[in-house]
Amino acid sequence: MRSLYLLAILPLAATADDAVLARVAAHAERFGAISRQIWESPELGFHEQKSSALLRDELRANGFTIADAVAGMPTGFTATWGSGKPVIGIMGEFDALPGLSQKDQPTQDPVTAGAPGHGCGHNLLGSGAALAAVAAKEEMQARGLKGTIRYYGTPAEEGGGGKIYMIHAGLFRDVDVVLTWHPGDSNRVNLHSSLANNGGKFRFYGIASHAAAAPERGRSALDGALLMLHAIEILREHVPQETRMHYIISNGGSAPNVVPAFAEVTLVARHPDMTTLDGIWQRILKCAQAGALATETRVEVEQGTNYANILPNDALNDVVGRNMRKAGGYEYTAGERQFAEQIQKTFSAARATPGPDKVLADASEGSGAASSDVGDVSWVVPTLSFTAATYAPGTSAHSWQAAAQAGTSMGRKGMLVAARTIALSVVDLVQDANAIDAAKTSFEKRKAGRAWQTHITAGSPPPLDYWKSEAH
């Protein structure tokens, strides 16, 4: 049925770009339904069995060859079509966030209290990227264009770093350029970067004792943790102002009348530059050592998330920006506008953002406030990531408001902006060797002799149960 619908649309296409847009439109309903299915069954990182299977099966049905359970990750996969150069990578994500279960309505109401939810819109991200891969493949096939499309199903972006294990496994070694996108509150293509981050668990070990009858015999692990955190609060005055350091006490002891023999702090630090961040991290380690020394406890550090900042790419920014202008934004229906306005009334602070009908494509630079393992990929292959308006203007990610909208028609319309933009860009790139060469030149210039680095060592297994050890 879908193929007949496609044939009915394509003769109306006046230009090559129109043909690509028609192919996206022909598959929009199907991939919109997949995004909704993933939204209805939110799964945490490395455990996205249903979500991964939905995308794998659909890509397989559309002629892609699937490699399952790549890089030691049961839900990680690649889907490849075509042969030879250039090899264009398209990345998709599909993991949810803990505790953000939410109905598709403009008032806070979880489907299941405490359950996961798609507060970062990855149900749309993975589905929209897959839709773009299918549409670009069909256009290449119809026009006899040579090259390879490879979709990367990347698990556990929310702290698990699935893309890093794919890099270590060599899965990007033959790729020429990579394109991806992310849900947001506006349609934007620019040269903005992201924050590098590094995190870990700081485990303090002391000696238990009766807190009232024999406190002198105890050595409080919690005291060690608190002194570490006090030192970090003092450290804030002496780090670059772009630095972010945030933490929780994930274990503070078992009872107030027992001197805690164990305490744990989970901490993440961020900075726009990964080299600068490494220096800050060394000072954080000293804060932990100081806490242990002063309280006669012992501290051990387990490496956690470690993402590089995104390396922008000037040439890909030009290609993708041009194609987002062709893709265009979208208009709200009356019902969608009412929904968006109700959502905006729940914000504690207003933020001016253009509506979904606007496209902002420019060469502005800067650093965002978030972190992603897309950054790591961008240091090993020329990469471009952009945002599409899946949320009402002013919506913040990782919120119940974002989770609500990720399941609506507004979210799916924004997903189509992304799919159109990527599909048009892929078809352009496979025909223009000069554009790919320019992307590689920009990549080397931006690196300026630096190389990708990560504290997640090659050969280390993915932390498949990392969410189980968190305090959620």
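Bear in mind these aren't lab numbers, they're just calculated from the coordinates by the rules spelled out. These figures come from a predicted structure and were not determined experimentally. Ideal geometry is used to build each Cβ from the backbone, glycine not excepted, and the neighbour counts take in all protein chains shown.
Some points to look at:
- Charge tally in the Cβ shell below 11 Å around residue 174, where Lys, Arg are +1 and Asp, Glu are -1, residue 174 excluded: +2
- Simple spin-label estimate for residue 344 and residue 234 gives 4.7 nm between the two label positions (7 Å along the Cα-to-Cβ direction from each Cα).
- Net charge of Cβ neighbours under 13 Å - reference residue 383; Lys, Arg +1; Asp, Glu -1: 0
- Chymotrypsin sites (Phe, Trp or Tyr not before Pro) restricted to DSSP loop in region 242-344 with at most 15 other C-beta within 10 Å: none
- The residues 427, 301, when put in order of fewest to most other Cβ atoms within 10 Å, stand as 301, 427.
- Residue 214 versus residue 60: modelled label distance in nm, points set 7 Å from Cα along the beta carbon direction: 6.2
- 222 nm mean residue ellipticity, helices alone, for the chain (DSSP H n ≥ 4; -39,500 (n - 2.57); rounded to 500): -13000 deg cm²/dmol
- Unit charges on C-beta of K, R, D, E only; dipole of region 196-307, Debye: 120
- When each of 137/358; 103/468; 163/445; 146/447; 201/286 is checked by Cα-Cα distance, pairs over 18 Å: 137/358; 103/468; 163/445; 146/447
- Rel. contact order, % - alpha carbon contacts under 8 angstrom, at least six apart, the chain: 22
- For region 21-156, the Cβ-based charge dipole about the Cα centre amounts to some 600 debye (Lys, Arg positive; Asp, Glu negative; other atoms uncharged).
- Structural size metrics of region 184-316, computed from C-alpha coordinates, are Rg and Dmax of 18.5, 70 Å.
- Fewest-first ranking of 157, 48, 29, using other Cβ atoms within 10 Å as the exposure measure: 29, 157, 48
- Estimated distance in nm for a label pair at residue 364 and residue 18, the labels positioned 7 Å out from Cα along Cα-to-Cβ: 3.4
- Fewest neighbouring Cβ atoms within 10 Å first, the residues 238, 192 line up as 238, 192.
- Legend: Rg and Dmax of region 195-271, from Cα coordinates, 14.8, 48 Å.
- Centroid-to-centroid separation of region 366-423 and region 290-320 [C-alpha atoms, Å]: 22
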